[in-house]
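A.B. asks: Below is the structure I would like to discuss, written out as structure tokens.
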Amino acid sequence: MKRLVFLLVFLAAPLWAVQPDEVLDDPELEARARALSQDLRCLVCRNENIDDSNAELARDLRLLVRERLVAGDSDEEVIDFIVSRYGEYVLLTPRRGGSNLILYYAGPAMFIFALIAAGLYLRGRSAGRVQSREGLSDDEQARLDEIMKD
């Protein structure tokens, strides 16, 4: 029975990440804050959003998001404010613009480059085989016979 209670408490721990004193009175603003918090990375926990994290920095970020929403900022303005302070690393889903385009397109570009290089290599190999079927020239045959005598 103790194990079951421990397991339930352990699994419910992320539910306690948002403290009751953080919750906004306006349900609409609270829903927006929760939605924004799902897309922001905890800088301590790395791949956990700030809504599920128990870290102090995640709490500070949750409070900052709620503070900006209460101040009247739109969702985009809140995200831009957080990114301007902490960098794009704080976003769980990076933006598809600017220098991030290199990250998005480098993989497919390298794959296409590898396909082209492999095709050229295989084409060169097959062309090389045709030439080797012709046999030795007279000079090459004479040199081979000379080597074989020794």
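The values are calculated or read from the model by the stated rules, or taken from the named source; none is laboratory data. These numbers come from a predicted model, not from an experiment. We place every Cβ from the backbone using ideal geometry, glycine too, and count neighbours over all the protein chains shown.
A.B. asks: Is it the case that region 70-81 has a residue that's surrounded by 11 or more Cβ atoms within 10 Å (Cβ to Cβ), among the charged types (D, E, K, R), in contact with a Lys or Arg (Cβ under 9 Å, 6 or more places away or on another chain) and on the phi < 0 side of the Ramachandran plot?
C.D. replies: So far as region 70-81 goes, yes, one or more of its residues are surrounded by 11 or more Cβ atoms within 10 Å (Cβ to Cβ), among the charged types (D, E, K, R), in contact with a Lys or Arg (Cβ under 9 Å, 6 or more places away or on another chain) and on the phi < 0 side of the Ramachandran plot.
A.B. asks: Of these, SER99, SER74, which one is among the small types (Gly, Ala, Ser) and over 15 Å from ALA35 (Cα atoms)?
C.D. replies: That would be SER99, the only listed residue that is among the small types (Gly, Ala, Ser) and over 15 Å from ALA35 (Cα atoms).
A.B. asks: All but one of (1) within 16 Å of ARG85 (Cβ to Cβ); (2) modelled with pLDDT under 90 hold for CYS45; state the number of the condition that does not hold.
C.D. replies: Here CYS45 meets the rest and fails (1).
A.B. asks: If you go through region 128-144 one residue at a time, do you hit one that is surrounded by 10 or more Cβ atoms within 10 Å (Cβ to Cβ) and closer than 30 Å to ARG34 by Cβ?
C.D. replies: Looking through region 128-144, none of the residues is surrounded by 10 or more Cβ atoms within 10 Å (Cβ to Cβ) and closer than 30 Å to ARG34 by Cβ.
A.B. asks: Any chance you could count how many residues in region 36-57 are within 20 Å of the chain's Cα centre (by Cα) and small (Gly, Ala, Ser)?
C.D. replies: 2
A.B. asks: Something else: Considering (1) surrounded by 10 or more Cβ atoms within 10 Å (Cβ to Cβ); (2) modelled with pLDDT under 90, say which one ALA117 fails and leave the rest.
C.D. replies: That leaves (2) as the condition not met.
A.B. asks: VAL70: at pLDDT 90 or above, out of contact with any strand residue (DSSP E or B) (no Cβ under 9 Å at 6 or more places or on another chain) and under 19 Å from ALA58 (Cα atoms), yes or no?
C.D. replies: No.
A.B. asks: From the list ALA17, ALA33, exactly one residue is modelled with pLDDT of 85 or more, of a type in the set (Gly, Ala, Ser), buried (at least 17 other Cβ atoms within 10 Å of the Cβ) and assigned by TED's automatic domain parsing to the domain that holds GLU76. Which is it?
C.D. replies: ALA33
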